[in-house]
1. Identify the residue in the stretch 128-165 that is at pLDDT 95 or above and charged (D, E, K, R) and, among all such residues, is surrounded by the fewest Cβ atoms within 10 Å (Cβ to Cβ).
2. Quick check: is even one residue across the stretch 54-66 assigned by TED's automatic domain parsing to the domain that holds residue 136, small (Gly, Ala, Ser), at pLDDT below 85 and within 30 Å of residue 119 (Cβ to Cβ)?
3. Working only within the stretch 84-115, note down all residues that are of a type in the set (A, V, I, L, M) and in contact with a Phe, Trp or Tyr (Cβ under 8 Å, 6 or more places away or on another chain).
4. So which residues in the stretch 58-80 are in contact (Cβ under 8 Å) with a residue 40 or more places away in the chain, surrounded by fewer than 13 Cβ atoms within 10 Å (Cβ to Cβ) and more than 21 Å from residue 42 (Cβ to Cβ), if there are any at all?
5. Out of the residues in the stretch 166-188 that are of a type in the set (Ser, Thr, Tyr) and in a helix (DSSP H, G or I), which is surrounded by the fewest Cβ atoms within 10 Å (Cβ to Cβ)?
6. If we only count helices (runs of 4 or more DSSP H) wholly inside the stretch 40-98, which ones have 3 or more residues that are touching a Leu at 6+ places or on another chain (Cβ under 8 Å)?
Amino acid sequence: MVHGCPHRPIPGTSKALCREYSADSHKKEASASTIEICDDDPEIFQVMMEFFYNMELEASTPPFNGQALDKYISDKVVPIILLDALAKKYDARMLQCAAAQAFTKSMTKWPRSITTNNLETLVHSHYPFCTGTMCDMGEAIVTFLLKSPGQFLKSGHGTKILDLVKEYGNFGADLYVLGIRSGKLVTA
């Protein structure tokens, strides 16, 4: 639930968000002191609202052992990726940039080769919501994959990468463009 007037300007959002609440179909919500948000994860929405008020987004540092790394991705990194999707939904460009930066900071000290499970988790968290190529979060994810320890493209992920590229063409496009740019992917 969001308390307060929905017409209050929120930094980093488009005016369309405020116009939506003033339309005739939303008069009940526009005059209410509480707005019910049904289709967004409440915890991610809360993080978004906190960002709008203090303009900060926290980034964590990964632990240095195996199973804790998988939990770190699901508990700390996936919410940042989902925050980016929510920011896109509400046209909050400033939050999209902050989320991509938080992802990059959260993954900077990744201590080991990426696992197939980690790869799938990252791609499945972002690309179902991604409508284009080379968005900030897509670029951050693919850049991380290309720079991750253990030579991501040569470490036995070939079949899984191909499956993910078939499922998410924009992931394939991001991987191709950034792979060529970084010299990690060479075409014949």
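1. The selected residue is 139.
2. yes
3. 85, 86, 92, 95, 98, 107, 114 - these are the residues of the stretch 84-115 that are of a type in the set (A, V, I, L, M) and in contact with a Phe, Trp or Tyr (Cβ under 8 Å, 6 or more places away or on another chain).
4. Residues satisfying the conditions are 64, 66.
5. The extreme case among them is 182.
6. Where helices (runs of 4 or more DSSP H) fall fully within the stretch 40-98 and carry at least 3 residues being touching a Leu at 6+ places or on another chain (Cβ under 8 Å), they are 42-54, 78-89.
The values are calculated or read from the model by the stated rules, or taken from the named source; none is laboratory data. What you are looking at is a predicted structure, and each value in this text was computed from that prediction instead of being measured. Backbone-built Cβ (ideal geometry, glycine too); neighbour counts: all protein chains shown.
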